[in-house]
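Novice: One structure coming up, written as structure tokens, with questions to follow.
The values are calculated or read from the model by the stated rules, or taken from the named source; none is laboratory data. The shown structure was predicted, so the numbers you read here are calculated from the model rather than taken from an experiment. Heads up, the Cβs are rebuilt from the backbone with ideal geometry, glycines too, and the neighbour counts pull from every protein chain shown.
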Amino acid sequence: MNYNKLEGDQLQFVAERKELELYFDKVLRNIIRDEVPKLIQELGKKEWLTKTELEKLTGWSGRTIQHMRDTRQIPFSQHGRKILYPRDGILSFLKDNYIQPKDDV
């Protein structure tokens, strides 16, 4: 690893090929470890959920879902008798209603 002094306080970093390979190998391993599982998980998710899928996702009963829909607590889309729930809207609802546990002192 070499540094070349430029004008003023600026330094120019000059790395050898092996150093760059090691650096990028480390960066790519971190990306693969952290980001790829998230992407794979997102690929299988549907954008819109049926009532049955919403029940499985949240554990809510059908009656609870109907009540939350009737009182406009959760977002939904309806065409005729078909009702679908946006996954992102439901997750936002859950995050917005998250309650922090008390700290035991």
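Novice: Looking at (1) within 20 Å of the chain's Cα centre (by Cα); (2) surrounded by fewer than 10 Cβ atoms within 10 Å (Cβ to Cβ); (3) at pLDDT 95 or above, which one does R63 not meet, given that it meets all the others?
Specialist: (1)
Novice: Run down K102, K45 and say which single residue is assigned to a loop (DSSP other than H, G, I, E, B), among the charged types (D, E, K, R) and surrounded by 10 or more Cβ atoms within 10 Å (Cβ to Cβ).
Specialist: Matching residue, one of K102, K45: K45.
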